[in-house]
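Working notes, structure below.
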Amino acid sequence: RTLPERDRWGGRSLRAEALAALAPHLPEDLMAQALGAARMIASDRYRAEALAALAPHLPQDLMAQALVAARKIRDQDHRALALAALAPHLPQDLMAQALDAARKIESAQYRAKALAALAPRLAELPLLELYPLWRETLPALARRTRKDLLADIRALHPVIHKLGGEEAIAETARAIIDVGRWWP
């Protein structure tokens, strides 16, 4: 008789923590197994945390599998966390899939979180793809807390600059200063 997964692995959170601790030290030939172990974690939260820890260390040929795993996370907050962690490491040919995954997050707050993490890579997209994405993202950003909005604006700097140049950056700064009078 086999032990239940929780007993055999010492708990889902412990497996995620172990993968996170080992990720920077694993040789490339073991990363596929580590990713497989992360994908087997039943909890959305701990699977997202494990994927986030592995993301900076995964070889490019495993990024598609990591993105598939992130897209399968049901919980929107945890899916956004996993997508945000993968964003800086994704090859350009996976950006469309990552953007699609971020757009499908129904919660405006979590969608904006994922999109903000993708921003530096978004600036690499053609303008015809970038404008519709910006129109979708801006209202979601406006509903976030002041701290989050300011962090998102900072993260979205490459997108703002690509869409409107220095004038757009200046207008954004003026808007932040104006609104700052009412925000504590």
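The values are calculated or read from the model by the stated rules, or taken from the named source; none is laboratory data. What you are looking at is a predicted structure, and each value in this text was computed from that prediction instead of being measured. Cβ: placed from backbone, ideal geometry, glycine included. Neighbour counts: every protein chain shown. Areas reflect the complete protein model, heavy atoms only, side chains present, ligands, DNA and RNA absent. Shrake-Rupley method; radii C 1.70, N 1.55, O 1.52, S 1.80 Å.
Side notes on the structure shown:
- Residues of segment 94-108 satisfying the condition of being open to solvent by 20 Å² or more (accessible area, probe 1.4 Å) and within 22 Å of Ala32 (Cα to Cα): Gln97
- Selection status of Arg174, modelled with pLDDT of 80 or more, more than 27 Å from Leu128 (Cβ to Cβ) and open to solvent by 40 Å² or more (accessible area, probe 1.4 Å): yes
- Candidates Ala38, Ala18, Ala23: the one that is more than 18 Å from Leu81 (Cβ to Cβ) and either at pLDDT below 90 or open to solvent by less than 70 Å² (accessible area, probe 1.4 Å) (or both) is Ala18.
- Of residues in segment 70-93 being more than 13 Å from the chain's Cα centre (by Cα) and farther than 21 Å from Ile160 by Cα, the one surrounded by the fewest Cβ atoms within 10 Å (Cβ to Cβ): Arg74
- Selection from segment 121-153 of residues that are more than 18 Å from Glu171 (Cα to Cα), open to solvent by less than 70 Å² (accessible area, probe 1.4 Å), part of a helix (DSSP H, G or I) and modelled with pLDDT under 85: Leu122, Leu130, Pro132, Leu133, Glu136, Ala140, Asp148
- Evaluation of Ala112 against (1) more than 21 Å from Leu54 (Cβ to Cβ); (2) surrounded by fewer than 21 Cβ atoms within 10 Å (Cβ to Cβ); (3) touching a Leu at 6+ places or on another chain (Cβ under 9 Å) (one fails), failing number: (2)
- Residue within segment 154-162 that is open to solvent by less than 90 Å² (accessible area, probe 1.4 Å) and at pLDDT below 80 present: yes
- Listed by first and then second residue, the pairs linking a residue in segment 84-103 that is over 22 Å from Arg45 (Cβ atoms) to a residue that is of a type in the set (D, E, K, R) and assigned to a helix (DSSP H, G or I), with Cβ atoms under 6 Å apart and 6 or more places separating them unless they lie on different chains, are Met95/Arg121.
- Residues (hydrophobic (A, V, I, L, M, F, W, C) and in contact with a Pro (Cβ under 9 Å, 6 or more places away or on another chain)) located in segment 157-177: Val159
- Considering residues of segment 86-120 that are of a type in the set (D, E, K, R) and assigned to a helix (DSSP H, G or I) only, the residue nearest to Leu58 (Cα to Cα): Asp93
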